[in-house]
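Dumping the structure here so I can ask a few things about it.
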Amino acid sequence: MTAHNPESKSYAVIICWLRPAGLAFAPLIDRAYRRTRMWIATSFLVALLPACTPAMPYSPDTVVMALDESPRNLDPRVGTDAASERLIQLIFSSLVKRSDTYDIEPDIALTWEIPDPTTYIFHLRTDVRFHDGRPLTSRDVVFTFRSVLTGAIQTPKAGTYRLVESVDAPDDRTVVFKLKEPFAPFLWNLTRGAIGIVPEGSPKDFAQHPIGSGAFKFVRYIPDSEVVLERNDAYYGRKPIVSQFQFKIIPEAIVRALELRKGSVDIALSVLTPDMVEALRGNRDLDILQAPGTNYQYVAFNLKDPLFADIRVRKAIAYAIDREKIITYLWRGQAKAATGVIPPSNWSYAGDVATYPYDPMRARELLRESGHEKMSFTYRTATDDTGRLMAAVLQQQLHDVGIQMDIRSNEFATFYSDVVKGNFQMYSLRWIGGNNDPDILNFVFHSMMFPPNGANRGRYSNPEVDRLIDMARRDVDTERRKAAYQTIQRIVADELPYVSLFYVDNVAVYNKRIRGMKLYPAGEYEFLTDISVNHF
């Protein structure tokens, strides 16, 4: 076989991918799981063999990025899934935004004043226009927030703004918020990603044809196929260099890898399995950029389920999970062990919380004490490759302590809908971006945040946690807020509505024609403003 033979190249790639996987996982997984990995590997090989066909011609004005799932809702007042939030940050502006280091910066509000702890006055720019040409004024800001506050739209973000008493526009360039009581995280909850400003009078089907004022204009969305955005040449800030972006929705990781290799996809950010990243490492047409991330993987329980209402069962499961092996072998070292929702880089992080190192003997003891030595339950997951592999590993590890875990996998929309409805016993998901401010503790653990008001999907309730969250949100003293948030983290780590798994590294695999790649801790797409295309 000659060096230029494309079939030899495909064969070499798959051998490189299979060999470490088979050796590394031998002590961790059973034969059934190895068959699952072999099936995926074989599929990858079959997919790669046709890669000798010529790549699709590059469009010099378009960059193609792979998404692993469809955005569920592109209305910035509603969408909370990762795909929606990341695209929303590109399409929409808000009053303020987050810097690279998560400080608050001006966006459409050039300045603001806080004359007292319950009053916020924002002064807007005069050069902001929506993508349809309409000027953005304070009336649009008022409409955006009132539609959330009055319940005109149903949104899980409603609970975040429950302390807002009123929002008014004394003139076209001034917005005044009155709060019911001091609300320290208020500015953070006005940033891009948290919410975006929509035009006054936006209809109920706004998510189908979103009109924002951000750096990228919405062109089209074909469900389960693509989202296309183009540069907003009238943008008031730094304009993107590339004129158009196509976000291809490719549910199968194998196909995403294939399209990268063929050149029909330019960028895949944290949407490949770790083994596939390693398989593509060294490809002469691709570069790989990896950096620590803050996105948080966890296991959650339905605390209304009689089985998981018993804290001994939750702790048994925590002790039965071998995180280090999962990180080393499944994630190929592309993750760091987590102790809670809040990442270590955050100012409110508590490092002295209860942890649950791998201890199968302790897990069995707790199951005996609870009377559930032969327990069984159903674990919910999506059908993506990493989710299924994670489910297989958890199933094996729990089996080792006498727990029968049945796996039910669905495509993401069905899975996520059932999780929100409380139709689960145990599941695993990942918080992306929102955990860079401690107010996420309110969103996921306050008893007033059961869906649809928030994301307390496991129906966790603790009056002391509620009290501390409310206090930390009202108090403007940073040290007192820090103490409250750290106490919450200790309580939650002890009571285990979540089992913390790991913080996932950000890994971008991208075509070498792309210049200016940069990774943000939460995996945002802000870098798309600055990238350019090198025309070989």
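The values are calculated or read from the model by the stated rules, or taken from the named source; none is laboratory data. Just so it is clear, the structure is predicted and the values come from calculations on it, not from any experiment. Virtual Cβ from ideal backbone geometry, glycine too; neighbours counted across all protein chains shown.
Could you please give the count of residues in the stretch 283-298 that are crowded, with 21+ Cβ neighbours inside 10 Å and β-branched (Val, Ile, Thr)?
Final tally of qualifying residues: 1.
Could you check the stretch 77-100 and list, in sequence order, the residues that are more than 27 Å from Arg457 (Cα to Cα) and in contact with a Lys or Arg (Cβ under 6 Å, 6 or more places away or on another chain)?
Ser94, Lys97
Just the residues that are surrounded by 20 or more Cβ atoms within 10 Å (Cβ to Cβ) and of a type in the set (Ser, Thr, Tyr), please, taken from the stretch 150-199.
Listed by number, the residues that qualify are Thr155, Thr160, Tyr161, Thr191.
Oh, and also: Specify the residue that is farthest from Ser94 (Cα to Cα); the eligible residues are those in the stretch 224-237 that are touching a residue at least 40 places away in the same chain (Cβ under 8 Å) and within 25 Å of the chain's Cα centre (by Cα).
Selected residue: Asp224.
Hey, among Ile153, Ile104, Ile108, which residue is β-branched (Val, Ile, Thr) and at pLDDT 95 or above?
It is Ile108.
Next question, about the same structure. From the list Asp470, Asp359, exactly one residue is among the acidic types (Asp, Glu) and within 25 Å of Lys157 (Cβ to Cβ). Which is it?
Asp470
Condition test on Glu464, is it touching a residue at least 24 places away in the same chain (Cβ under 8 Å), surrounded by fewer than 17 Cβ atoms within 10 Å (Cβ to Cβ) and assigned by TED's automatic domain parsing to the domain that holds Arg430?
Criteria met by Glu464.
Just need a number here: residues in the stretch 341-384 that are in a loop (DSSP other than H, G, I, E, B) and either at positive phi or of a type in the set (Phe, Trp, Tyr) (or both).
Residues that pass the stated criteria total 5.
Next question. Hey, any hits in the stretch 132-140 for a residue that's more than 27 Å from Asn436 (Cα to Cα), at pLDDT 95 or above and assigned to a strand (DSSP E or B)?
Yes.
Table: residues versus (1) of a type in the set (Gly, Ala, Ser); (2) out of contact with any strand residue (DSSP E or B) (no Cβ under 8 Å at 6 or more places or on another chain); (3) under 21 Å from Gln246 (Cβ atoms); (4) not in a strand (DSSP E or B).
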{"position": "Pro199", "(1), (2), (3), (4)": "no, yes, no, yes"}
{"position": "Lys204", "(1), (2), (3), (4)": "no, yes, no, yes"}
{"position": "Gly214", "(1), (2), (3), (4)": "yes, yes, yes, yes"}
{"position": "Phe218", "(1), (2), (3), (4)": "no, no, yes, no"}
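Looking at the stretch 171-197, which of the residues that are of a type outside the set (A, V, I, L, M, F, W, C) and not in a loop (DSSP other than H, G, I, E, B) is nearest to Thr119 (Cα to Cα)?
Lys178
Also, quick follow-up: Just need a number here: residues in the stretch 501-536 that are in contact with a helix residue (DSSP H, G or I) (Cβ under 6 Å, 6 or more places away or on another chain), more than 30 Å from Gln397 (Cα to Cα) and assigned to a strand (DSSP E or B).
Total satisfying the criteria: 1.
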